[in-house]
1. The range 1-109: which trypsin sites (Lys or Arg not before Pro) are DSSP loop and have at most 16 other beta-carbon atoms within 10 angstrom?
2. If you wrap a convex hull around the Cα atoms of the range 92-141, how much volume per residue is inside, in Å³?
3. I need the semi-axes of the equivalent ellipsoid of the range 10-78: take the C-alpha gyration tensor, multiply each eigenvalue by 5, square-root it, list largest first in whole angstrom.
4. Within 10 Å of each candidate Cβ there may be at most 10 other Cβ atoms; applying that plus a DSSP loop requirement, which GluC sites (Glu not before Pro) in the range 4-104 survive?
5. For the range 69-153, please report how many Lys pairs fall under 30 Å Cα to Cα, leaving out neighbours fewer than 8 apart on the same chain.
6. Which one, Tyr122, Ala87, Asn50, projects farthest toward the positive side of the charge dipole computed for the chain from Cβ point charges (K/R +1, D/E -1)?
7. Answer with one residue from Leu156, Gly15, Thr39: the one whose Cα lies farthest towards the positive end of the charge dipole of the chain, charges on Cβ with Lys, Arg +1 and Asp, Glu -1.
8. Over every pair of different alpha-carbon atoms in the range 22-124, take the mean of 1/r and invert it; report that Kirkwood radius in Å.
Amino acid sequence: MKKPISKTLLITRAGYQQLKNEHDELWFKKRPEVTKIVTWAASLGDRSENADYQYNKRLLRQIDSRLRFLRKRLENLTIVDYSPQQAGRVFFGAWVKIEDDDGSTLCFRIVGPDEIYGRNDYISIDSPMARALLKKQVDDMATVQTPTGSKDWYILDIRYPDADS
């Protein structure tokens, strides 16, 4: 049996708040609405042929599953805030602008794995790119292993959104 890949349990404060908001929306708004519909549909009689009942019962199971995941995840995550000691180096939460030998540039933020979905400007701290950039400074070179071989990237800029600058 394969051991599941463990995700880093770090998250930015904004990322944590986003997961918390999703939990609260599901728990306080969505779940009560769906529960009301399931109760109403069940009161109509034969549940085996009741599409409203079956659909909303399935939806309720999905909501409950997501709520269980969010509760477990939120209690295990560690919020990482900006610290002045990070200035000038790439650490968790940094926005990094890099350039390769061909002049192609990328700009992204290094965040926890729970924050990257739906964002093309965020990368996970667990990614090879983020691992290669950690602790580097502006003008440093980072070599990233890719499926096609290694590639060098040069750090052009590092900034932190919470820094007082």
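1. On the way: sites: Lys2, Lys7, Arg13, Lys20, Lys29, Lys30, Lys36, Arg47, Lys57, Arg58, Arg61, Arg66, Arg68, Arg71, Lys72, Arg73, Arg89, Lys97, Arg109; in loops: Lys2, Lys7, Arg47, Arg89.
Here the sparse-neighbourhood loop sites are Lys2, Lys7, Arg47, Arg89.
2. Details: hull volume 3.8 nm³, N = 50.
In the range 92-141, the Cα hull volume divided by residue count equals 76 Å³.
3. On the way: eigenvalues 201, 21, 10 Å².
Those come to 32, 10, 7 Å.
4. Working: sites: Glu22, Glu25, Glu33, Glu49, Glu75, Glu99; in loops: Glu49.
Taking the range 4-104 and a limit of 10 other Cβ atoms within 10 Å, the loop GluC sites (Glu not before Pro) found are Glu49.
5. Details: Lys97/Lys135; Lys97/Lys136; Lys97/Lys151; Lys135/Lys151; Lys136/Lys151.
Final tally of qualifying lysine pairs is 5.
6. Of the candidates, Asn50 comes out farthest on the positive side.
7. Thr39
8. On the way: mean 1/r = 0.0569 Å⁻¹.
Kirkwood radius, the range 22-124: 17.6 Å.
Values in this text are rule-based calculations from the coordinates and carry no lab data. Only a predicted model underlies this, so the values are computations on that prediction, with no experimental measurement involved. Because the Cβ atoms are built from the backbone with ideal geometry, glycine has one as well, and the counts that use them run over all protein chains shown.
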